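**Q** Sharing a structure with you now.
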Amino acid sequence: MKELPIACDMTALNAEQRERQQVLMKNFHASIQETDGLDDGYAFRMEADAATILAAAEFITIERLCCPFLTFELAVGAAGDPLRLKVSGRAGVKEFIEAEFGVGLKGQS
């Protein structure tokens, strides 16, 4: 498989998706309880309520359209455990996440 460039392709989203992406990103930032830096990206912990789980899945679905080089892992444990969303990729992706996702705004470790 050809290596995809580390760059957003906003033309992959229609106007409605771009608008929804902005809302989801704002809500994503507000939901973060803790951020863990990883070698290849970041893991974000959030409350695992139904609304956050659904929003995280929608966030991944839209982000994959414009940023197909990112890898997403969504983990929801037993009742009471937090939701964990890992966003990662090859060399250079961590820096992209820092810039585009605003890592460090809240609870970064």
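Values in this text are rule-based calculations from the coordinates and carry no lab data. Just so it is clear, the structure is predicted and the values come from calculations on it, not from any experiment. All Cβ positions, even for glycine, are placed from backbone atoms using ideal geometry, and neighbour counts span all protein chains on display.
**Q** Would you compute, from DSSP H runs of 4+ residues alone, the mean residue ellipticity of the chain at 222 nm, taking -39500 (n - 2.57) per run and dividing by the full residue count, rounded to the nearest 500? Intermediate values should be presented prior to the final figure.
**A** Working: 3 runs with 42 residues, N = 109.
Rounded to the nearest 500, the figure is -12500 deg cm²/dmol.
**Q** Using packing as a proxy for protection, rank 81-88, 15-22 so that the peptide with the highest average count of other Cβ atoms within 10 Å comes first.
**A** Top of the packing list down: 81-88, 15-22.
**Q** When a footprinting reagent is the concern and you count Cβ atoms within 10 Å, what order do 94, 26 take, fewest first?
**A** Lowest to highest Cβ neighbour count: 26, 94.
**Q** Compute the Kirkwood hydrodynamic radius of the chain, taking the inverse of the mean of 1/r over all pairs of distinct Cα atoms, and give it in Å to one decimal.
**A** After inverting the pairwise mean of 1/r, the radius is 14.3 Å.
**Q** Explain nothing, just the number: relative contact order of the chain, from Cα pairs under 8 Å at least 6 residues apart, as a whole percent. Kindly include the intermediate steps, with their values, before the conclusion.
**A** Working: 152 pairs, mean separation 37.2, N = 109.
It comes to 34 percent, rounded to a whole number.
**Q** So, one more: Could you give the dipole magnitude of region 20-96 about its Cα centre, charging the beta-carbon of Lys and Arg +1 and that of Asp and Glu -1, in debye to the nearest 20?
**A** 240 debye
**Q** By count of other Cβ within 10 Å, fewest leading, how are 35, 11 ordered?
**A** Lowest count first: 11, 35.
**Q** Assuming R0 = 35 Å, can you tell me the calculated FRET efficiency for the pair residue 19 and residue 99, based on Cβ-Cβ distance, to the nearest 0.05?
**A** About 0.95, to the nearest 0.05.
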